[in-house]
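Below you'll find the structure, written out as structure tokens, and then a few comments.
The values are calculated or read from the model by the stated rules, or taken from the named source; none is laboratory data. Just so we're clear, the structure is a prediction, and the values are computed from it rather than from any experiment. Here Cβ is always computed from backbone atoms with ideal geometry, including for glycine, and neighbour counts include all displayed protein chains. Accessible surface is based on the protein model in full, side chains and every heavy atom, while ligands, DNA and RNA are left aside. Shrake-Rupley method; radii C 1.70, N 1.55, O 1.52, S 1.80 Å.
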Amino acid sequence: MWCQRLAWLLQGSSGCRWLRSAAAAPRGHHTAPQSLHCAWQLHGDHLEIRYGKTLMRLDFVWLRDHCRSASCYNAKTNQRSLDTASVDLTIRPQAVRVDESTLFLTWPDGHVTRYGLEWLVKNSYEGQKKQVMHPRILWNAEIYQQAQVPSVDCRSFLETDEGLKEFLQNFLLYGIAFVENVTPTKEDTEILAERISIIRETIYGRMWYFTSDFSRGDTAYTKLALDRHTDTTYFQEPCGIQVFHCLKHEGTGGRTLLVDGFHAAEQVLRQAPEHFELLTRVPLKHEYVENVGGCHNHMIGVGPVLNVYPWNNELYLIRYNNYDRAVINTVPHDVVRRWYHAHRALTTELRRPENELWVKLKPGKALFVDNWRVLHGREAFTGYRQLCGCYLTRDDVLNTARLLGLQA
């Protein structure tokens, strides 16, 4: 067990200082309370600290750069005041001390930096690696249906923080959420969307009507079935959230298909991690070319099918749209066949019937979809079917959630 009292011990000419056990601590050296489960070791360019179950390696420049003293950090604006470029890249503390909850560092110019040990655990690389940025519940159709995730009433959503928080918690966990009893107009749907975010205006406009009138150069503007996909893969940053509200349908069919892309990717990771890794590494182009009426667009977005945070391998974005994938010319010949195998493995999971959640949208029921996670599609339909909707800026949705105390 790491020692409970701390002391400096110079080890030869290496410059390393090692903690010693309480029994061996030399007289006059600072000691930590016996209840403290913390130990540290000074190396040539970094400080190593074990606190609880976390072993942290903290570079000296990093420790100086992140100082939260009044002269280095503006607590009112939550912004750094210290000029990082002014920090000596060979800096080394002159003294190190740890008490029950705080690390103290004295620098060569006499400046003292203080860090709470809990803060270090939360913000160190090693601490972040053990955490997830976005807690989620991965689902297939059975899991989602058994969870009986409630829809939120429109009035509660619009007028109370409790209703809004319940909606956002559902959305963050599952990647989809519903609002009931919405007046079936484009204007009321717009009010709904603006409750949680700024509306993202795109080449499709701000709020759009969606009918099978071939008014845009997209298969979505037909009565044909649409396979599962994410939208705007041809944007360099795909739209974060999509809102759907069926205003009218006089006919049959047209059910909406929803698939948790992260659940499918997790199955690939478990069964064939080499496929998962390849899908996170190989960049592809997606393209949208449109020359219909007055609409002339040529959009290209580049990125891998799966996007992960490199420090913890947490998936945060899936870019999957077989309709809009451009010519594969970013992959060398000795990789492309392996990529096709990896893509087939993911497609197989996405198309498993047990992963398909089918929902009949109706007037008054608005659907919010995390376009970075959940794929959507539809079955073919007959008759007149009109939807309205919009895209929301992801940053604003997550901002609203955080202000309500949710992890997002």
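Annotations
- Recomputing Cα extents along the principal axes in Å from the coordinates shown identifies the correct label among (i) 73, 73, 46; (ii) 89, 57, 43; (iii) 67, 45, 42 as (ii).
- Surface accessible to a 1.4 Å probe, per residue, for the residues of the stretch 141-404, Å²: 44
- Look at where the Cα atoms of the stretch 310-361 and of the stretch 187-204 average out, and the two centres are 29 Å apart.
- Accessible solvent surface per residue of the stretch 39-129, calculated while the other protein chains remain in place, 1.4 angstrom probe, Å²: 53
- Helix 261-271 and the longest principal axis of the C-alpha atoms of the chain enclose an angle of approximately 60°.
- Top of Thr230, Thr77, Thr382 by mean-square fluctuation, Gaussian network on the chain, Cα under 10 Å: Thr77
- Net length gained if the chain between Arg195 and Lys76 were fully extended (0.36 nm per residue, minus Cα distance): 40.1 nm
- Under the Karplus curve 6.51 cos²θ - 1.76 cosθ + 1.60, θ = phi - 60°, whole-Hz ³J(HN,Hα) for the stretch 374-381, x wherever Gly or Pro sits: 9, 7, 10, x, 7, 8, 4, 9
- Accessible-area ranking of Glu162, Glu314, Glu237, largest first, probe 1.4 Å: Glu162, Glu237, Glu314
- Accessible-area composition of the stretch 57-106, carbon plus sulfur, in percent [1.4 Å probe]: 46
- Within-14-Å neighbourhood charge of Pro184 [Cβ basis; K, R +1; D, E -1]: 0
- 10 Å beta-carbon shell around Gly254, net charge (K/R +1, D/E -1): +4
- Restraint check, Lys53/Lys129; Lys223/Lys248; Lys53/Lys130; Lys165/Lys186, Cα-Cα greater than 20 Å: Lys165/Lys186
- In order through the stretch 73-84: 3J(HN,Hα) via Karplus (6.51 cos²θ - 1.76 cosθ + 1.60), integer Hz, x for Gly, Pro: 8, 8, 5, 6, 9, 6, 10, 6, 9, 5, 7, 4
- Extension gain from His333 to Arg351, taking 0.36 nm per residue of separation minus the Cα-Cα distance: 3.8 nm
- Chain lengthening between Trp358 and Asp99 when straightened (0.36 nm per residue, less Cα-Cα): 87.5 nm
- Accessible area per residue was computed with a 1.4 Å probe on protein heavy atoms; Val327 scores about 110 Å².
- 0 to 90° range, to nearest 10: angle between helix 394-403 axis and the chain longest Cα axis: 60
- To the nearest 10, the accessible area of Ile199 is 10 Å² with a 1.4 Å probe.
- Accessible carbon and sulfur surface of the stretch 217-355 relative to its total accessible area, %, 1.4 Å: 51
- Other residues lying with their Cβ under 11 Å from the Cβ of Pro150 contribute a combined charge of -3, Lys and Arg counting +1, Asp and Glu -1.
- A Förster radius of 25 Å, combined with the Cβ-Cβ distance separating Glu180 from Glu266, puts the computed FRET efficiency at roughly 0.25.
- Working note: Karplus 6.51/-1.76/1.60 with θ = phi - 60° gives the stretch 282-297 the couplings 8, x, 10, 9, 10, 9, 10, 10, 9, 9, 10, x, x, 9, 10, 9 Hz, where Gly and Pro are set to x.
- Estimated 222 nm signal from helices in the chain, with DSSP H stretches of n ≥ 4 weighted -39500 (n - 2.57), rounded to 500: -7000 deg cm²/dmol
- Accessible surface, 1.4 Å probe, highest first, among residues Ser197, Ser151, Ser86: Ser86, Ser151, Ser197
- Along its principal axes, the stretch 76-186 has C-alpha extents of 66, 32, 28 angstrom, given from the largest down.
- The chain - percent relative contact order, Cα under 8 Å, separation 6 or more: 19
- Spatially proximal aspartates and glutamates relative to Lys360 (Cα-Cα < 15 Å; intrachain offsets below 8 disregarded): Glu180, Glu250, Glu379
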